[in-house]
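Inspection log for the structure reproduced underneath, given as structure tokens.
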Amino acid sequence: MTRALLREATARLAAAGVASPDHDAAELLAHVLGTTRSRLALVEDVTPEQREAYDALVTRRAAREPLQHLTGVAGFRYLELAVGPGVFVPRPETELLAGWGVERAQGLVAAGRVPVVVDLCTGSGAVALAVATEVPAAEVHAVELGEAAGEWAARNLQGSGVELRHGDMADAFGDLDGTVDVVLCNPPYIPLEAYESVAAEARDHDPHLALFSGDDGLDALRVVERVAARLLRPGGVLGVEHADVQGTSAPAVFSRAGRWSDVRDHPDLAGRPRYATARLAR
Ligand SMILES: C[S@@+](CC[C@H](N)C(=O)[O-])C[C@H]1O[C@@H](n2cnc3c(N)ncnc32)[C@H](O)[C@@H]1O
């Protein structure tokens with residue numbers, strides 16, 4: 001029974017240009033049936049109401065609503081975050097930046113320190129929450145400018161111990177100046193002129209404040225450079241995600257500023273340049 005439903009839904013999603021039609025068809029059916037993708041084959045009965053609910057979700061997905069808006073959750077490392085309209089859906093590639101931050105914080109814990117970590121541009125709170133849950137000894141702060149995104153972050157970070165502030169990263173955390181060990185940021189980084197090339201799911205459903213950042217896509221990253229230099233203690237480290245075409249230009253922002261050492265770039269799992277790291281000179 002589920003096989004026929006899946007076959008039909010997969011064909012509809014493929015025809016609509018959805019990038020992973022079989023995965024999404026199965027994920028939506030599992031969501032409607034209250035099970036997991038791997039257990040779908042065990043389901044023997046699908047009620048007419050469930051069929052109708054599934055059909056409605058497949059129709060919305062075919063109209064290129066993000067899968068995670070339809071299920072209401074996005075997986076990120078060991079977490080499930082609540083997401084929906086108004087907040088950027090966390091992406092798998094950002095798990096690497098978060099993992100780099102987790103390792104830096106764990107290193108400080110091993111050295112007997114309480115790491116102070118700041119997540120600039122927190123969106124749903126994904127990076128901050130990953131650090132807080134994987135390094136419980138860390139003191140984690142996060143900031144978000146978007147109003148709706150800030151509400152999603154507040155929901156996800158509730159009870160986590162992460163301190164969340166609403167506002168512009170440019171002048172956030174003045175009280176932490178010179179004291180932070182690790183700054184992490186997945187800023188907006190798409191050049192404005194690339195608008196047409198952005199997938200419909202992102203362009204029509206992620207907030208534009210989360211996506212676009214000036215003519216070369218590096219406006220926010222230049223702010224991150226200044227803010228991180230203000231927040232970090234000498235020797236503190238920064239990790240910032242960027243677009244795959246910014247593997248040279250993003251690290252160059254740090255090399256040129258003249259106050260960073262150990263500037264390097266890191267690839268994602270597909271081998272594409274994905275995030276830059278640097279250490280504030282002592
Ligand atoms: C690419 S999203 C990343 C969200 C989240 N960190 C993640 O990785 O899923 C960028 C986020 O930065 C926020 N943002 C943009 N400009 C900002 C600013 N000046 N200060 C604080 N947050 C900002 C956007 O609203 C958006 O939530």
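Some notes on this structure:
- Elements of type strands (runs of 3 or more DSSP E) in the range 66-126, at least 2 residues being under 17 Å from GLU151 (Cβ atoms) and out of contact with any Asp or Glu (no Cβ under 8 Å at 6 or more places or on another chain): 79-82
- Looking only at the range 168-193, residues that are within 11 Å of the ligand (Cβ to nearest atom) and in contact with a Gly (Cβ under 9 Å, 6 or more places away or on another chain) come to 6 in all.
- Verdict on ALA137 being aliphatic (A, V, I, L, M), in a loop (DSSP other than H, G, I, E, B), touching a helix residue (DSSP H, G or I) at 6+ places or on another chain (Cβ under 9 Å) and free of Cβ contacts under 8 Å to residues at least 40 places away in the same chain: yes
- Scanning the range 243-259 for residues that are under 23 Å from the mean Cα position of the chain (by Cα) and of a type outside the set (A, V, I, L, M) yields ASP244, GLN246, GLY247, THR248, SER249, PRO251, PHE254.
- The helices (runs of 4 or more DSSP H) found wholly in the range 140-222 and carrying at least 3 residues that are touching a Leu at 6+ places or on another chain (Cβ under 9 Å) and surrounded by 15 or more Cβ atoms within 10 Å (Cβ to Cβ) occupy 147-157, 200-205.
- Test result for PRO66, of a type outside the set (Val, Ile, Thr), within 27 Å of the chain's Cα centre (by Cα) and crowded, with 17+ Cβ neighbours inside 10 Å: yes
- Annotation: of all residues in the range 92-121 being farther than 15 Å from ALA138 by Cβ and surrounded by 16 or more Cβ atoms within 10 Å (Cβ to Cβ), the one that is farthest from the ligand (Cβ to nearest atom) is LEU96.
- Tally, over the range 13-37, of residues that are surrounded by fewer than 17 Cβ atoms within 10 Å (Cβ to Cβ) and closer than 18 Å to GLN68 by Cα: 11
- Long-range neighbours under 7 Å by Cβ, at least six apart or interchain, first residue crowded, with 19+ Cβ neighbours inside 10 Å within the range 70-90, second assigned to a strand (DSSP E or B) and aromatic (Phe, Trp, Tyr): PRO90/PHE76
Every number in this text was worked out from the coordinates using simple rules, so none of it is lab data. The shown structure was predicted, so the numbers you read here are calculated from the model rather than taken from an experiment. Glycine also receives a Cβ, built like all others from the backbone with ideal geometry; neighbour counts cover every protein chain displayed.
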